[in-house]
1. Only one of (1) surrounded by fewer than 19 Cβ atoms within 10 Å (Cβ to Cβ); (2) within 17 Å of Lys516 (Cα to Cα); (3) of a type in the set (Val, Ile, Thr) fails for Ile325. Which number is that?
2. For the range 191-263, which fully contained strands (runs of 3 or more DSSP E) count at least 3 residues that are over 14 Å from Ile176 (Cα atoms) and not β-branched (Val, Ile, Thr)?
3. In the range 186-219, how many are under 32 Å from the mean Cα position of the chain (by Cα) and either over 14 Å from Leu280 (Cα atoms) or open to solvent by 20 Å² or more (accessible area, probe 1.4 Å) (or both)?
4. Would you confirm whether any residue within the range 152-160 is surrounded by fewer than 20 Cβ atoms within 10 Å (Cβ to Cβ) and assigned to a loop (DSSP other than H, G, I, E, B)?
5. Could you figure out which of (1) open to solvent by less than 20 Å² (accessible area, probe 1.4 Å); (2) in contact with a strand residue (DSSP E or B) (Cβ under 6 Å, 6 or more places away or on another chain); (3) of a type outside the set (D, E, K, R); (4) modelled with pLDDT under 90 isn't true of Val526?
6. Can you tell me which residue is modelled with the highest pLDDT among those in the range 330-352 that are over 30 Å from Gly314 (Cβ atoms) and outside any helix (DSSP H, G or I)?
7. Kindly indicate whether Asp474 is open to solvent by 10 Å² or more (accessible area, probe 1.4 Å) and modelled with pLDDT under 95.
8. Output the number of the condition that Gln48 fails; it satisfies all remaining conditions of (1) open to solvent by 30 Å² or more (accessible area, probe 1.4 Å); (2) assigned to a strand (DSSP E or B); (3) modelled with pLDDT under 90; (4) not acidic (Asp, Glu).
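The values are calculated or read from the model by the stated rules, or taken from the named source; none is laboratory data. Being a predicted model, the structure only gives us computed values, none of them experimental. So basically every Cβ, Gly included, is an ideal-geometry build from the backbone, and we count neighbours across all protein chains shown. With ligands, DNA and RNA removed, areas are computed over all heavy atoms of the protein, side chains included. Shrake-Rupley method; radii C 1.70, N 1.55, O 1.52, S 1.80 Å.
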Amino acid sequence: MSELYSPSSLGLFSAPCLLKVELRLTVKGLTDRDVRSKPDPCFVLNMQSHGQWMEVDRTEVIRSCVNPTYSKVFTLDYYFEEVQRLRLELYDVNSSHNGLKEALFLGSVECTLGQIISQRKLCKALLRPGGTVGKAIITITAEELAGNDDYIELSFSARKLDDKDFFTKSDPFLEIYRVNDDATMQLVYRTETVMNNLNPVWKTFKVSLNSLCSGDHDRKLQCTVWDWDSNGKHDYIGEFEASFKEMRGAIDGRQEQWPCMNSKYKTKKKNYKNSGIVILNQCKIIKMHSFLDYIMGGCQIQFTVAIDFTASNGDPRNSCSLHYIHPFQPNEYLKALVAVGEICQDYDSDKMFPAFGFGAQIPPDSKVSHDFAVNFNEENPECAGIQGVVEAYQACLPKLQLYGPTNIAPIIQKVANTASQEVHTKEAMQYFILLILTDGVITDMADTREAIVQASHLPMSVIIVGIGSADFSDMQMLDGDDGILRSPKGEPVLRDIVQFVPFRNFKHASPAALAKSVLAEVPNQVVDYYNSKGIKPKVPSHFQSSRQFGP
């Protein structure tokens, strides 16, 4: 019987990070329709799908109101790895049928779901028909729809159990079943067997609240005690019914106990009391924080880009080069950079992104560098927004001499040094994502393995996108999906932090498909790191942002 230990050792966060969020809307400062009547406002929520706006839901109509607060809550599936574009259209619905055919379009607001979540409360000015900025301010508040993802730690013992063996004492174990809505029984947990003991103390174990009772604290749980037999025909000792609501009585150091009853004995034996007492010595609730808990608590995603400028890319002046700047078609480096960066920028409040290059001779002395600032400002390598990174990349190409070799350990170590400063704060405020864009197999594999193993102890993830048509088979070993990556000395990674994807797999797909593939593991990596360190997210109310996004 396998047992549960710490969340990180179990891979509890390996499931796809599908979360649900609730959006609530308020408006301040709508103008009156005319002197005699106020507007009857209604919002329509649209989401972009394949370039088209599709209506998802709409609020109720609030009659005669210039500062409406809507009771309607929009519930949306949230994916970190996708740009989920939203458009809120505001209508003045003067028809008694609440229809939009005769409604007056007052304006709209566009944003991404990621922007709302990273701010928790996003305020934007209404953009009126014709593109002018209105006086009305729309406030969108996000809240995670809480699931049953908490874990429960339980510690059972028993005393004076019936002896079912002739020459020795019983070998008891305990089974806990959840009674489903259709009256079927679902095994939740089976303890280990305590040999030759009528007063067993079973090991403490963990189960999810969802597994134990589907989040229903009053749901019936059937608990059965057996005497183990090697032939599998275990002898029935007795059972009792409980609920998680009853078990919670053992949270504050108190004990809860139940008589273990054997119905056959109760019927046949005149003075039968019970077949022993089962005791719950401890019940502890372990809060499993989600990715949204950390983001809404103010955790920022610090996004860094590293670009391969080795000679194998080809002369940027040649149209065959992977670095060729075509006037109408972005190269693969730009496509990958924009696809991933567009997601990450929603979670970084200052939108300033460090951008580095490696494998080139750089001015003024033409020395080879593997971690130079693309804007050539070593004191401040940050670029303003993803567009700033794009412009710095394009501007630096004529000034570089592409060279080699393809070493990425230095840039991993550079970002790791910054991430290591975050460890000392013991707070979930900054998590670092390094995007490495490279056209070839790396030449410092031993150093890179060592750098990744050390970085796995830090709030950091590494995404590698292979550009071009090189053989990237050796790169797969850095991605721990097929086994545990180890340093040259044999030290294993503390957690899987690397995701490798060849761009050619997405050459004919949308940028969103590439972003989805390379970023899908990030939310779990964030949660895995902070939970393994016992770092809780800040309470959202303690994290206030006064920033307002413009229209």
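1. The failed condition is (2).
2. Fully inside the range 191-263 and qualifying: 256-259.
3. 21
4. Yes: one or more hits.
5. Among (1) open to solvent by less than 20 Å² (accessible area, probe 1.4 Å); (2) in contact with a strand residue (DSSP E or B) (Cβ under 6 Å, 6 or more places away or on another chain); (3) of a type outside the set (D, E, K, R); (4) modelled with pLDDT under 90, Val526 violates only (4).
6. Taking the candidates together, the pick is Met352.
7. Against the criterion (open to solvent by 10 Å² or more (accessible area, probe 1.4 Å) and modelled with pLDDT under 95), Asp474 qualifies.
8. All conditions are met except number (3).
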